[in-house]
Structures are given as structure tokens and as C-alpha cells.
Amino acid sequence: MNDNVDNNENKIVISDIELETLADLNKYISESLINHYLILEESTSIQKLIKTFLLEENILTIGRSDKNNIQLSSLEVSRYHAHLKKFSHPETHEIYYEVIDGSVEGKKSNNGLNINGKKVSRAKLKHGDIINIGSEVIFNYFIDHEGKFEKQKTTILEQKNLVIDTVANDEDEKTKIIKNSTISSGIDQLLKFASIVNLSPYPIIEIDTTGKINFLNNSAKINFPTLLTENKNHLIFKDILAIPENLETDLFKREIKIDTTYFEQYVHYIKDQKIIRTYLLNITSRKKQQDSIKKLLDYDLKTKLPNYRFFIKTLQTSIPRHQRIQQNLAIMLIELDQIDLGKETLTPQKEQNIYIYCADKLNKLFRVGDTIAY
């Protein structure tokens, strides 16, 4: 690029492009040297998809309808779930995107949007933001300066080690990663990939079948500071280091708990290289929501005791277990019949307080393994 300044006319000339003011220069830099990307990860029973989108449109729509720019298959996604809108700052000419819940016409989605774990209806996107739509769709937002991201991606695609194959069908373009069986070194491939992988907010790890860790991205180092010292004994690697001989699929998903944090772990076996790659998603907030729903279904909120539904489920599993070990099982029914005699004088709140008091007494009387239900 030949940069040239004409002092007589006070114009900046860049590759035959005349820019009148510094604001024009800022606009040129913002539009020409800075790119905006969305990296989509969708994992459903219909499709498993990882795809990169270069954001150029002024408006980009997301949803299940085939009329969207980004079409998803997850049933947690509305037909017109969200859209991105391009803006330019009036003074600096900085280009930025905002994500907005619902259709362009203003109809809100069913499940909403979460950015970095916080529910929003509209937000200006920042580099590294994570956008969740339900539990099956994740978008990573990246701002790329001077085309470095695109160059890195092009370099990777040129290598025989990793090829992106775009398959077109009537619904969408789906991207899959195809492994080359002639790869001589997984470490070499990983080093080429590291510049992009290190930007990921998700922990990404590679280990060989002997238990040697080949690679950790920055997120893995931050989230699991003892990983290098514990090595193959870390909970992340429990029960995954041996590649099964009768492996039907080279990718599987499981749920693990480390301390108080829950993770969804994706494990990718690369048999010809004898290496295992894994990345993890923090699903603690999702687990808490599930626990809250379970409490609503299985517990009486006032007495804090299990309800009839929970009692029947426990009984259905306890009877065959006690029969198997030839042990007796006791069932006791306690009725507070005196309450009926005082119904005319008891307020609903006082009646409820009696149940709460009795529940507390019973919890102290019975053993930890016993079930008390209301």
C-alpha cells in the first residue's frame, strides 16, 4: 500500500483513494482493516455445526426460519430469534454491531438472549462476547484488526492437516472438519491452530494417550490452574485416556463436576495420532436452573419437605431394592387430626405454621437416610 500526503490540497491519498479529513481516514481504517466475526457452535440431535461468519451486512438475522441469514435447527430457537445491526459512530466512525432480541419487525423471541451469562434484550457487542441462545447454540464474537484472523484461517485451510469442507443442501451450508490420516504430528498442527484457539473463551486441551499434555489454551490455564501439576490425574481426564477399540464415533459429550462448577465436556478422539482433544463449557447456571425446577416439582415450598410425587418415586425404587437385599421397609402415615377441630379459629397462616413446625420436628427425629414427605 503506497501512502501519500498532498500538502497543497490537504488530502490523504492511500492507494489512489482520496481522503479529505482525518475522520475519513478513521472511517477507511474502520471499514477496511477491521473485520467482525461470529463463530457459531450448535449441537443438537439434528446437526453438530461449527461455522465462521464474516459480518458485512447492515442487518443480519438469526433463527429457525430458512429466510434468516443464519439458520439454526435447535428447537429452543424461535423462527426469528434475533438480529444484528451495524452502526457507525458519528465522530470516530468506529464500526460496531448490536445484537437485538427478536425479529427486525420487533417481535420478541420465546427464550431471549444471554450475553456472558446475563439475559439482555439489546447490547453493543464487544470483542470476546459469548452469546447463548438456549443451551444448544453459542456464538463467539470477534473483532479482527488488520485482517490477521482471516490470514490465520487461510493459512490453516491451506495445510493438508485440516480442511474445511462446505456441504450445500436445501436448508443451509454445514461445515465439518475432515481429518487427514497422513498427519505426521498433532503438535505441529496444534501450533498452527494455537493463535486462533487461544482467543477462545472455552478451555481447550490436547493430551496424548500416554497422559502427556500437548497443549492448553489460555482459558484452560485460568480455569484449571492445577492441570499441569495433576496432569493425567485431573478430573478432566478421568475415564477418557484409553481410546476404545470398538469406537463408533470419534466425538462424544459428557457432564463433569469440578469442585462446585459443572462443565459440559466434548471429547474428540483422533485415533491415527493417538491424541485426545477436549473442550469444556461452563453449565453451572443451567444446572442451577434445573435444580430450581426440580425443587418446584418435587418439594413443598412452605414445609421444605418432599411432596407426594417425590414420595411415590422414592417408594418405587426402595421396594425392589429392599426385596433384593432381603431387608424390611417401614412406611408410616402421620395424620394431624387435631387441626380439623380448630379450623374455625385457625387462620391459613397459623395452620401452615403448624405443618412447618411438625416438619422441623420430624426432620430432627428421623435418620438422614429416611424420607419424610408432605
Would you point out which residue out of Thr317, Thr371, Thr347 is open to solvent by less than 100 Å² (accessible area, probe 1.4 Å), touching a residue at least 60 places away in the same chain (Cβ under 8 Å) and not hydrophobic (A, V, I, L, M, F, W, C)?
-> Thr371
Please give the number of the condition Leu40 fails out of (1) surrounded by fewer than 18 Cβ atoms within 10 Å (Cβ to Cβ); (2) closer than 14 Å to Asn140 by Cα; (3) under 20 Å from the mean Cα position of the chain (by Cα).
-> (1)
Looking at region 258-275, is at least one residue acidic (Asp, Glu), at pLDDT below 85 and under 19 Å from Gly117 (Cα atoms)?
-> no
Can you find even one residue in region 359-370 that is under 24 Å from Ser292 (Cβ atoms) and not in a helix (DSSP H, G or I)?
-> yes
Residues satisfying the stated conditions in region 43-67, i.e. at pLDDT 90 or above, open to solvent by less than 20 Å² (accessible area, probe 1.4 Å) and touching a Phe, Trp or Tyr at 6+ places or on another chain (Cβ under 7 Å) | Gly63, Ser65
Given (1) surrounded by 13 or more Cβ atoms within 10 Å (Cβ to Cβ); (2) assigned to a loop (DSSP other than H, G, I, E, B), number of the condition Gln352 does not satisfy = (2)
So which of Glu255, Glu206 is more than 30 Å from Leu362 (Cβ to Cβ), surrounded by 13 or more Cβ atoms within 10 Å (Cβ to Cβ) and of a type in the set (Asp, Glu)?
-> Glu206
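Residue by residue, here is whether (1) free of Cβ contacts under 8 Å to residues at least 12 places away in the same chain; (2) open to solvent by less than 70 Å² (accessible area, probe 1.4 Å); (3) among the β-branched types (Val, Ile, Thr) holds:
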position: Phe263; (1), (2), (3): no, yes, no
position: Lys271; (1), (2), (3): no, no, no
position: Tyr279; (1), (2), (3): no, yes, no
position: Lys287; (1), (2), (3): no, yes, no
position: Asp291; (1), (2), (3): yes, no, no
position: Tyr308; (1), (2), (3): no, no, no
position: Gln326; (1), (2), (3): yes, no, no
position: Met332; (1), (2), (3): yes, no, no
position: Glu335; (1), (2), (3): yes, no, no
Subset of region 207-229 (residues that are in a helix (DSSP H, G or I) and either under 22 Å from the mean Cα position of the chain (by Cα) or under 19 Å from Arg254 (Cβ atoms) (or both)) | Asn218, Ser219, Ala220, Lys221, Ile222, Asn223, Leu227
Working only within region 279-326, note down all residues that are of a type in the set (Phe, Trp, Tyr) and either more than 26 Å from Asp259 (Cβ to Cβ) or in contact with a Ser or Thr (Cβ under 8 Å, 6 or more places away or on another chain) (or both).
-> Tyr279, Tyr308, Phe310, Phe311
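The values are calculated or read from the model by the stated rules, or taken from the named source; none is laboratory data. Remember, it's a predicted structure, so these values are computed and weren't measured experimentally. Please note: Cβ atoms are built from the backbone with ideal geometry, for glycine as well, and neighbour counts cover all protein chains shown. Only protein heavy atoms, including side chains, enter the accessible area calculation; ligands, DNA and RNA are left aside. Shrake-Rupley method; radii C 1.70, N 1.55, O 1.52, S 1.80 Å.
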